[in-house]
Amino acid sequence: MSKPTGVQPIRFEATLYTIDQRTVLRLPETASGKLPSRGQVAVQGTINGHGFQTVLEPDGCFGHWVEIDRKLQQTAALSAGDTATLEIESDRKSVV
């Protein structure tokens, strides 16, 4: 990750799914539980070693999900059904 924030990174694996026309990834319960909020959370990190920044969305069940856009899918060589390795940390400087 490019800019350390002093917060321990959250490492996990998750599978990408297609819902309607979107490719999404749902964070495991243990990963969501380490985030500072049950609502939207701005994060930075890596997916299969490729850097990204995004906002995680609440799933209504005390967890989070994120859409993985086509550009990031291509960069990280991912598609629906694949399992990705992520390392994220809250971008506390961003207020969502």
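The values are calculated or read from the model by the stated rules, or taken from the named source; none is laboratory data. None of the values given here were measured: they were computed from a predicted structure. Using ideal geometry, Cβ is built from the backbone for each residue, glycine included, and neighbour counts are taken over all protein chains shown. With ligands, DNA and RNA removed, areas are computed over all heavy atoms of the protein, side chains included. Shrake-Rupley method; radii C 1.70, N 1.55, O 1.52, S 1.80 Å.
Label positions at E67 and D82, each projected 7 Å from the Cα along the C-beta direction, are separated by 1.9 nm. Protein heavy-atom accessible surface, 1.4 Å probe, per residue over the chain: 62 Å². Give the carbon-plus-sulfur fraction of the accessible surface of the chain in %, rounded to a whole number; probe 1.4 Å, heavy atoms of protein chains only. Roughly 48 percent, rounded to a whole number.
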